[in-house]
Amino acid sequence: MAIFFPSDENISRLKVPPTTGEEYLLNFLHRLSDEYEIYYQPFLNGDQPDIIIMRKNYGVMIIEVKDWHLSYYYIDKNKKWRLKTNDSIIKSPISQVKTYKENLYDLHIENLLEKKIDNPKFFGLVSCAVYFHNETQETIKKFIDNNFESESDRRFIKIFGNDSINPQKFHVILSEQGLSRRSLLFDDNLYNSFKRYLQPSLHTIEQGIKIQFNKEQQKLVTSIPTKTGRKIKGVAGSGKTHILAQRAVNAHKRTDSKVLILTYNITLKNYIRDKINDVRQEFNWRAFDINNYHNFLTTQLNNLGIEWEIPGDFENWSSEERTEYLEKKYYSNETIFEPVKGKIQKYQIILIDEIQDYKEEWQRIIRKYFWDNGGEYVVFGDVKQNIYDLPLDEYKDFKAVGIGGVWNVLKESFRLTTKVANIATEFQKTFFSGKYNLDEITQFRQKSIFEAEEYYQYIYYDKSVHVTKIVDDMYSLIIQLNKHPNDICFLSQRIEIIRQIDYTIRNNKHEKTKAMFESQEIHEKLKMESSNKYANLEIKKIRNNKKIHFWMNPGTVKLSTIHSFKGWEIDTLFLIIEDDYDEDSESAFSIDELIYTGLTRCRNNLIVVNISNQRYHDFFKGFIEEDIV
């Protein structure tokens, strides 16, 4: 029987299930021998073809599946496909599958384009097909007939209908498409390159799995009114956001009212939305207001008609001066809503994630003006991720304004592997001793059967090293680990180095990327064509836009500063540490807390890349030399 990626069980759990045609073809493909690997909707650097068949030592076939009735379409005299109802042009499935093939050569598979240029026979290793589930070979022939966009398409792209889904006819298709003839060109190196991209990412494997809570977590997801509020803290990976998501749904169902969910990090809005989406219950999405603090306040100021008083020369101010003025005048002004307090529609339920990032003034504003006292008010956080160095209370903890009593503490980490948990524990002892109460991290994690053994590596570079060398070394490790791009993230303290890495990946490795900042090309263009002050303002807008639209599963590698990735997690993490900062830094933050936050984003494979930083060199190097992990 053919080997499926993801498994049948995985496919049945996907949020977007297979179409009727896809399901029919997938069921038939089980009949193939175990020499055939069947990949359903693999992430390919942003592309997502329906089905790919790969046979080691033979080749690859891409199949685009359409549940179309061709009677609803026609092909015009220019050989463009059109929809009869409104005469609109659509991309033909033939063009679509061709694009997938071309991108495999031009973008996705390393060195495949060069191999094709050197030897055109390499282009024949990947074949294409289109399956029309609701049509037969006869109806397809009548529709397309002589309307192929090129003679090459007619010869090399197989188009078949449902009457070809039988063992004898499908064997002919496989033979015609090159999967019945061995090819010396499709060697082990090329096969492994394809497999790295085609294999499911962890996102696909874990999609649809019901969240399992332990006894302590079960208590905290229960929705109950709180007189003054409830405070929950936990070690990295202890499930705080999972608890928040489940509690949000439970609170809405208990009260039938809107739930306000606040964070500080702009990108976390999408992460929280993902976690709520994982809750296997029925609910109305309009019941959840998910926002970061500053955008929430801005919206409320506008909704309530509070005039923005902007100085006449505001446009000439620096970004830092603008931020300081707006913070003092509005976002930290505890009386700003006093004139309109009677108009405010309060929330029965307010949940705040990453409370360690919230100033006391912000907390008082939210509690006083937006919480319906006597409802439900819960805050979540981890003081070790206090990257903005906010003041602590007398117990070396962050201040949860208005909430008395003891903290609900989560000590079990469901994210961190044994190695990363040990590194995190030792990091606290080395750099946080005397500043915070140190955590007892209990590593409690059931590894996915698809995950390889956990991996740790430390690489040190002199400051003179070129970024190309760094990227080449990192990609050698990626190939060694055989990781899907969607499961990889590059994090750094600063944007400058990570922006250069992004540029090098796109141009040297020919991979698409997902970044939370402007490209190197746009950065240089703005700096060259604009005043420094204007360029910085435009760059800030671009970064905010990138963060707002950041999602975790684009199918590509991700690049971010550590503070923008705070709250997220990734299977394979390249943590880049430098020894200084420049004017490109987005904000001031505490370095030790930043590095700790970065390394605890890792689920499985941690690679620390140190560029001439002596403060952390002995620490991270010691884990290799002394085998602490």
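The values are calculated or read from the model by the stated rules, or taken from the named source; none is laboratory data. Just so it is clear, the structure is predicted and the values come from calculations on it, not from any experiment. All Cβ positions, glycine included, derive from the backbone under ideal geometry; neighbour counts span all protein chains shown. All accessible areas refer to the heavy atoms of the entire protein, side chains included, with ligands and DNA or RNA removed. Shrake-Rupley method; radii C 1.70, N 1.55, O 1.52, S 1.80 Å.
Quarter the surface of the alpha carbon convex hull of segment 421-576 and you get the mean projected area, 11.8 square nanometres. For segment 131-200, the Kirkwood estimate of hydrodynamic radius, built from reciprocal distances between every pair of different alpha carbons, is 14.5 Å. When the convex hull of its Cα atoms is viewed from all sides, segment 239-301 shows a mean projected area of 4.3 nm². By the Cα gyration tensor, segment 74-113 has an equivalent ellipsoid whose semi-axes, rounded to whole angstrom, run 30, 9, 6 from largest to smallest. The GluC sites (Glu not before Pro) of segment 23-57 that meet both conditions, a loop assignment by DSSP and at most 13 other Cβ atoms within 10 Å of the site Cβ, are Glu35. For segment 1-125, pairs of C-alpha atoms spaced more than 17 angstrom apart make up 65 percent of the total. If you wrap the tightest convex hull around every Cα atom of segment 52-141 and split its volume per residue, you get 132 Å³.
Here the Karplus curve 6.51 cos²θ - 1.76 cosθ + 1.60, taken at θ = phi - 60°, turns the phi angles of segment 384-398 into couplings of 5, 9, 6, 6, 8, 6, 6, x, 9, 8, 5, 9, 6, 10, 6 Hz, with x standing for Gly and Pro.
When +1 charges are put on Lys and Arg Cβ atoms and -1 charges on Asp and Glu Cβ atoms, the dipole computed for segment 449-516 relative to its Cα centre reaches about 400 debye.
Volume of the convex hull of segment 214-264 (Cα atoms only), normalised per residue: 96 Å³. Computed over segment 325-417, the P(r) tail beyond 20 angstrom holds 45 percent of alpha carbon pairs.
How large, in percent, is the carbon and sulfur part of the accessible surface of the chain at a probe radius of 1.4 Å? C and S fraction of accessible area: 48 percent. Loop-located GluC sites (Glu not before Pro) in segment 358-404 (DSSP state other than H, G, I, E, B) with a sparse environment of at most 14 neighbouring Cβ atoms within 10 Å: Glu394. Restricting attention to the chain, close to 20% of DSSP beta bridges with both partner residues there are antiparallel. Protection proxy ranking of 499-506, 94-101, 405-412, by the mean of other Cβ atoms within 10 Å over each peptide's residues and highest first, is 499-506, 94-101, 405-412. Measuring against 30 Å, Cα to Cα, the residue pairs Lys195/Lys558; Lys79/Lys115; Lys80/Lys547; Lys411/Lys621 contain Lys79/Lys115; Lys80/Lys547 as the ones spanning a longer distance. Over the chain, the reciprocal of the mean inverse Cα-Cα separation, the Kirkwood hydrodynamic radius, stands at 27.3 Å. In terms of overall dimensions, segment 67-224 has a Cα radius of gyration and Dmax of 21.7, 68 angstrom. Remark: the Trp551-Ser95 segment gains 161.4 nm on full extension, using 0.36 nm per residue and subtracting the alpha carbon distance. Each residue of segment 133-138 was assigned a 3J(HN,Hα) from its phi angle through the Karplus expression (A = 6.51, B = -1.76, C = 1.60, θ = phi - 60°), giving 5, 9, 10, 10, 4, 5 Hz with x at Gly and Pro. The equivalent ellipsoid of segment 337-384 has semi-axes of 22, 13, 6 Å, largest first, where each one is the square root of 5 times an eigenvalue of the Cα gyration tensor. Average projection, convex hull of the Cα set of segment 530-578: 4.8 square nanometres. Each 10 Å bin from zero holds the following percent of Cα-Cα pairs in segment 261-357: 12, 37, 33, 15, 3, 0. Taking θ as phi - 60° and the Karplus parameters 6.51, -1.76 and 1.60, the scalar couplings of segment 238-249 work out to 8, x, 4, 6, 4, 5, 4, 5, 5, 5, 4, 5 Hz in sequence order, x denoting glycine and proline. Note on Lys341: lysines with a C-alpha under 23 Å away, same-chain residues under 8 apart excluded, are Lys227, Lys258, Lys328, Lys329, Lys359, Lys368.
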